[in-house]
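To keep things clear, I will list the structure first and then write my remarks on it.
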Amino acid sequence: MAEGLELRQVRIARGGRDLLALDRRIAPGEVVTLMGPSGAGKSTLLAYLTGTLPPGFTATGSVRLDGTDITRLPPESRRIGILFQDDLLFPHLSVGGNLAFGLPPGGSRADRRARIAAALAEVGLDGFADRDPSTLSGGQKARVALVRMLLSGPRALLLDEAFSGLDAARRARIRDLVFDHARRRGLPVLMVTHDAGDAAAAGGDVIVLAGDAPDP
């Protein structure tokens, strides 16, 4: 069984015109960077991989994760995590309440609290479960978003300009943290970025797309 994330002869079109074509396997722990101008279809590809391709786009080919064809599975069954530029934390919930959304159903309340506390400690946020997200720095919010995604148990990770909202120092720290967690967990990573520094830090292959159709 081939492990990792496989894009098998994936083609995405809009209005009958090809937007992009990609045939690539991303091994566990490998980071592949996707670059190109706005409109090249980078975010559209991520939407396809997560099962959220917008109306008006069509796609052919298949997506396999750890040997299983997930092409037609609903988004919640694909086990693909995604991080965006915005942290998307729920402002009306505590940090712990936000992280609880990442946990699969089941388990006792004490067990879930323990898992949340352990996950926060792993990223240097020990004792933050009761904090209001509005009191966190940008880097702390990014770490909470990462933890919430990891608690859902993904088998692959997508990064959609995930570091672009951070200043240079925080960007480097959070980027290294994300890559380190992905490699230790054996997660294949596909990263969309406009920043050459992100690509260099990833240390993997860089795929450059060219196109003029608007991203969703």
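Values computed for the structure shown
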{"item": "Local electrostatic count at GLY67 - Lys and Arg +1, Asp and Glu -1, tallied over other residues with Cβ under 10 Å", "result": "-3"}
{"item": "Within a Gaussian network of the chain (alpha carbon springs, distance under 10 Å), most fluctuating of LEU157, LEU46, LEU22", "result": "LEU22"}
{"item": "Gyration tensor (alpha-carbon) shape descriptor, the range 1-88, a/c threshold 1.5", "result": "rounded"}
{"item": "Charge dipole (debye, nearest 20) of the chain; +1 at Cβ of Lys and Arg, -1 at Cβ of Asp and Glu", "result": "480"}
{"item": "Global form of the range 125-184, assessed from the alpha-carbon gyration tensor, a/c cut-off 1.5", "result": "oblate"}
{"item": "Taking SER43, SER152, SER108 and counting other C-beta atoms within 10 Å, the order from fewest to most", "result": "SER108, SER152, SER43"}
{"item": "For the chain, with +1 on Lys and Arg beta carbons and -1 on Asp and Glu, the positive-most of VAL31, PRO188, LEU151 along the dipole", "result": "LEU151"}
{"item": "Of LEU88, LEU146, LEU159, the one that fluctuates the most in a GNM where the chain has Cα springs shorter than 10 Å", "result": "LEU88"}
{"item": "Cα convex hull of the chain - mean projected area over all directions, nm²", "result": "12.1"}
{"item": "Dipole-positive endmost among LEU103, ALA129, PRO75 within the chain (Cβ charges, Cα centre)", "result": "LEU103"}
{"item": "Relative contact order of the range 24-128, defined on C-alpha pairs under 8 angstrom at six or more residues apart (%)", "result": "13"}
{"item": "Amide H partners (placed H, <5 Å) of GLY39, local residues excluded", "result": "ASP215"}
{"item": "Kirkwood Rh and Cα Rg combined as Rg over Rh, evaluated for the range 139-216", "result": "0.96"}
{"item": "Of the trypsin sites (Lys or Arg not before Pro) in the range 12-108, those whose Cβ has at most 11 other Cβ within 10 Å and which sit in DSSP loop", "result": "ARG72"}
{"item": "Within a Gaussian network of the chain (alpha carbon springs, distance under 10 Å), most fluctuating of ALA121, ALA129, ALA162", "result": "ALA121"}
{"item": "Dipole magnitude (debye, nearest 20) for the range 4-117, charges at Cβ of Lys, Arg, Asp, Glu", "result": "140"}
{"item": "The range 154-211: relative contact order as a whole-number percent, Cα under 8 Å and 6+ apart", "result": "45"}
{"item": "Between the range 86-134 and the range 57-75, the alpha-carbon center distance in angstrom", "result": "30"}
{"item": "Cβ charges +1 (Lys, Arg) and -1 (Asp, Glu), total dipole of the range 108-164, debye", "result": "240"}
{"item": "Coordinate range along principal axes, alpha carbons of the range 61-172, Å, largest first", "result": "44, 40, 24"}
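Read the figures in this text as sums done on the coordinates, not as results from a lab. Quantities reported herein were computed from a predicted structural model and do not represent experimental measurements. Counting neighbours? That spans all protein chains shown, and the Cβs are built from the backbone with ideal geometry, glycine included.
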